[in-house]
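**Student:** Before anything else, here's the structure in question.
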Amino acid sequence: MDSSRIAGEVSSIVGLTLTVTGLERAMWVGHRCIVHGARGPVLGEVVGVDGDGTHVLPFGNWVGVSAGDPVSLSPRGDTIRPDASWKGRVMNALAEPLDRKGPLVEGPRARDVKAPPPAAFDRRRTGERLETGIKIFDVFTPLCRGQRMGVFAGSGVGKSTLMAMLARQAAADVIVVGLVGERGREVQDFIQSDLGPEGLARSVVVVSTGDEPPLMRRQAAWTATAVAEYFRDQGQQVLLLMDSVTRFAMAQREIGLSGGEPPTTKGYPPTVFSELPQLMERAGPGPEGVGDITAIYTVLVDGGDMNEPVADTVRGIMDGHVVLDRHIAERGRFPAVNLYRSVSRMLPDCHRPDELAIFQAARRTLARYADMEELIRIGAYRSGADAEVDAAIRFFTPAEEFLNQRKGELTPTEETFATLYRLLSEAGVRVDLPEQGQI
């Protein structure tokens, strides 16, 4: 039977949710349909089915749609056809071009945008360190190929700039950027100023702005991940940057509540906490013979609440987390990474033995300074009272100046470790290098 000829009709519209009767046996949750309204067809997706009919949300809006309008099944499934020529292009959540450079070339194979994560025993282990050129990342929160890292930050703390630095400088073959629920004003700023021509040339950018319906915002995250999977399967090393997973969760909350789900933790329905691992587990090391997806997901933590439901869930899924601190940003050090609250679960394997010794000495010394910082600032600490604190005071200022990094500044990892070793030595901090350790 030709599915495109099966038709139902609109029975009611309440808010974003449209109810269709006559298609209960032909459509399932996630199926797409076309509602033929007075102003033209509107693409929708089934989010629930009950005794009243099939409940549909739009990828656009229901303006011009009324009760009795016909509804047909969409011949287009939830798939995309990525191609190598997509590098350098900007598209929306449905893989339609936004950059006015003409249509996108479609590859020979369709890919499901909501593919299941690879089986655990089919994956390789995480690979070698991925060089980012960002000093504080490469030393204190290193990335390995196939690792998934969360960046937790409030607004205006340098999150987008950090993402742009990673896109420009990281040692990856292709960058896939998912801008989920982004402010429309900031999209061009990110692409032209932060990413720049050299960053865009090896990137695929998927954009869904905050004014778009929740289905489009959720779809942007799925589409970006599917594009990353395509390049991974071509044997390439992929860096997936998603900003932000919090807005993905908010979109899923709107969809779940519109579909009749009960609100649970702070208004989030249960599907939010099932969709997050389904999305993020798709990144990571690939099977033998293909590449890896190294992923960075940003998480909005306005007010610094690291224990709110989305942040807490994401932190448990990730292979490490980086916390951007507003007080450090106000002090003028960028990237504003809080070294004491950030961790990479790839340590110590990400570093060589000599690099690990330098990392441990630097972190221990900076932590010692943080413990005494208030006393030092008010003048209550007297020099000479503790040799370790004296060394920490001598090390802190030059280390902060060295770790401060402008956008576009690239520092090789070897040079970063060598400079930190020199600063530690000049401050009188002992570094227990292994025998024959070379810096």
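**Student:** Could you list which residues have their amide H under 5 Å from that of residue 203, counting only those 5 or more apart in sequence or on another chain, with H placed in the peptide plane?
**Tutor:** 88, 175
**Student:** With springs only between Cα atoms under 10 Å apart, run a GNM on the chain and tell me which of 278, 252, 147 wobbles the most.
**Tutor:** 278
**Student:** What does the net charge come to around residue 401 if you take all other residues with beta carbon closer than 14 Å to its beta carbon, with K and R at +1 and D and E at -1?
**Tutor:** +3
**Student:** Okay, moving on. Relative to the longest principal axis of the chain, what angle (0 to 90°, nearest 10) does the C-alpha long axis of helix 387-403 take?
**Tutor:** 50
**Student:** What is the Cα centroid distance between segment 320-364 and segment 208-248, reported in whole angstrom?
**Tutor:** 27
**Student:** Each residue of segment 59-64 in order: what ³J(HN,Hα) in whole Hz does its phi give by Karplus 6.51 cos²θ - 1.76 cosθ + 1.60, θ = phi - 60°, with x for Gly and Pro?
**Tutor:** Taking θ as phi minus 60°, the curve returns 7, x, 8, 8, 4, x Hz for segment 59-64.
**Student:** How high is the relative contact order of the chain, in percent, with contacts defined as C-alpha pairs under 8 Å that are six or more residues apart?
**Tutor:** Result for the chain is 16 percent.
**Student:** Let me ask something else about it. Whose amide H sits under 5 Å from the amide H of residue 407, counting only residues 5 or more places off or on another chain, with H placed in the peptide plane?
**Tutor:** none
**Student:** Would you please classify the overall shape of segment 237-324 from the alpha carbon gyration tensor, given that a ≥ b ≥ c denote the square roots of the eigenvalues, rounded means a/c under 1.5, and beyond that prolate means a/b larger than b/c while oblate covers the rest?
**Tutor:** Oblate, since a/c reaches 1.5 and b/c is not below a/b.
**Student:** Now for a separate question. Most mobile of 24, 182, 131 per a Gaussian network model of the chain (Cα springs, under 10 Å)?
**Tutor:** Per the Cα network of the chain with a 10 Å cutoff, 24 tops the list.
**Student:** Rg and Dmax of segment 286-373, Cα atoms, in Å?
**Tutor:** When restricted to the Cα atoms of segment 286-373, Rg and Dmax are 15.7, 51 Å.
**Student:** Hey, can you find the accessible area per residue of segment 228-386 for me, probe 1.4 Å, expressed in square angstrom?
**Tutor:** For segment 228-386, the solvent-accessible area averages 41 Å² per residue.
**Student:** Of all the accessible heavy-atom surface of the chain, with the other protein chains kept in place and a 1.4 Å probe, what percent is carbon and sulfur?
**Tutor:** Heavy-atom surface of the chain belonging to carbon and sulfur, 1.4 Å probe: 50 percent.
**Student:** Hey, another quick one. Considering only DSSP beta bridges where both residues belong to the chain, give the percentage that are antiparallel (nearest 5).
**Tutor:** Taking every DSSP beta bridge within the chain, about 55 percent pair in antiparallel fashion.
**Student:** Provide, as a two-decimal number, the C-alpha radius of gyration of the chain over 2.2 N^0.38 Å, N being how many residues it has.
**Tutor:** Relative to the rule-of-thumb radius for its length, the chain sits at 1.11.
**Student:** Show me, for segment 244-250, the HN-Hα J-couplings you get by feeding each phi into the Karplus relation (A = 6.51, B = -1.76, C = 1.60, θ = phi - 60°), rounded to Hz, glycine and proline as x.
**Tutor:** With the stated coefficients, segment 244-250 comes to 9, 6, 5, 6, 4, 5, 5 Hz.
The values are calculated or read from the model by the stated rules, or taken from the named source; none is laboratory data. Note that the structure is a prediction, hence the values are computed from the model and not measured. Glycine gets a Cβ as well: all are built from the backbone with ideal geometry, and neighbour counts include every protein chain shown. Side chains are part of the model used for accessible areas, which takes the heavy atoms of the whole protein and leaves out ligands, DNA and RNA. Shrake-Rupley method; radii C 1.70, N 1.55, O 1.52, S 1.80 Å.
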